[in-house]
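Only one structure is covered here, and it is reproduced in the block below.
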Amino acid sequence: MAMKDRGTLLAPAGSVEAAKASLEAGADAIYVGLKGWSRGGARGELTPAELQEVLTLARQRGATVELALNTIPRGHEVDFLLERLAGLSAWGIAGVILNDPGILARVHRRYPDLSLTASIGCGALNVHDVALLGEIGASCVVLPGTLHPAEIAEIRPHVKARIEVMIHMVDEFHQLGKCWMPSYYRTNPALMPEMPADGERLTGSIKRGGAGVCFKVCQHPWGLYLDGEKRDERVLPARQVSRAPEVGAYLEAGVDVIKLQGRGLPVELLFALVRRFRTAIDQTRNGQQIADAEPVGLPTSWVVLGR
């Protein structure tokens, strides 16, 4: 594939208004969550009616919509998930983003024509990871923006799956998409008021590395004590990765999809973020040098809010 044909811009949308902002800013595709199916609980998720509205908006603009299913279902929930996917596929979603290789393989066996993306939570970092995920049914594999374009170039010739890089993301102390702090999850969370009680909410499985509801303890201050006396209070470390100036290098290396994190972003910041990367991709395709300056409206000290 020539570089001019690469660089699909995949943007987040945590609401109908966010979907409109991403599309107006130039996204080729957007990814959304469905209430009860994402790690973030009700934050940044759509109701079925809202999902259908977003699908209509995307079709009007010639864009596509992917469904992020990044909770890890318990065993008794998998059959329900598989049945539900049949209806969602009929609505016109372009594909599903999955966080668990075992579930991905089973969905592929049930729906071989459905495009499946192995989420960043699957932990792929090298050619062997990407190849294995492709063998079990992934059409596309997400890699973190912490990988250098040269590392992507080493992977690209040896795999069939499309390569997607989350080029704007938070690099946290744990593996993105799979928290290593299970003792701080609630194993039996109460149903949220807005959630139906008919099985639509997947609660997730603690022992398999994920949960249906994340309480984001990593974002709250932790007290440091010595001999019972509080000495300091800190938030666990995280750093922003946002590599717009390197878009050209990533496309040259063989990246098919440029992905942005941020389903919890306010609409105005989301628009500025998507526009920034839309401009970078277009400049690359036109042979222009990518401007390193932040666009109007995007803070210099940029962070992914509500990660």
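Worth pointing out:
- Residues being more than 14 Å from ASP171 (Cβ to Cβ) and either of a type in the set (Phe, Trp, Tyr) or not in a loop (DSSP other than H, G, I, E, B) (or both) - total across region 233-252: 11
- Hits in region 222-253 (condition: in contact (Cβ under 8 Å) with a residue 40 or more places away in the chain and of a type in the set (A, V, I, L, M, F, W, C)): LEU236, ALA238, VAL241, ALA244, VAL247, ALA249, LEU251, ALA253
- Taking the criterion of being modelled with pLDDT of 95 or more, within 17 Å of the chain's Cα centre (by Cα) and hydrophobic (A, V, I, L, M, F, W, C), the residues of region 22-34 that qualify are LEU23, ALA27, ALA29, ILE30.
- Look at region 113-131: where a residue is under 14 Å from ASN99 (Cα atoms) and a partner is aromatic (Phe, Trp, Tyr), sitting 6+ places away or on another chain with Cβ atoms under 9 Å, you get THR117/TYR31.
- If you go through region 85-104 and keep only what is buried (at least 17 other Cβ atoms within 10 Å of the Cβ) and assigned to a helix (DSSP H, G or I), you end up with LEU85, LEU88, SER89, PRO101, ILE103, LEU104.
- Scanning region 234-265 for residues being touching a Pro at 6+ places or on another chain (Cβ under 9 Å) and of a type in the set (Val, Ile, Thr) gives a total of 3.
- In region 43-65 there is at least one residue that is assigned to a loop (DSSP other than H, G, I, E, B), of a type in the set (A, V, I, L, M) and modelled with pLDDT of 95 or more.
- In region 115-137 there is no residue matching the filter, namely being at pLDDT below 85 and on the phi > 0 side of the Ramachandran plot.
- Test: ILE163 is out of contact with any His (no Cβ under 6 Å at 6 or more places or on another chain), modelled with pLDDT of 85 or more, among the hydrophobic types (A, V, I, L, M, F, W, C) and surrounded by 14 or more Cβ atoms within 10 Å (Cβ to Cβ): yes
The values are calculated or read from the model by the stated rules, or taken from the named source; none is laboratory data. What you see is a predicted model; the values in this text were computed from it and never measured. In this analysis, Cβ positions are derived from the backbone assuming ideal geometry, glycine residues included, and neighbour counts consider all displayed protein chains.
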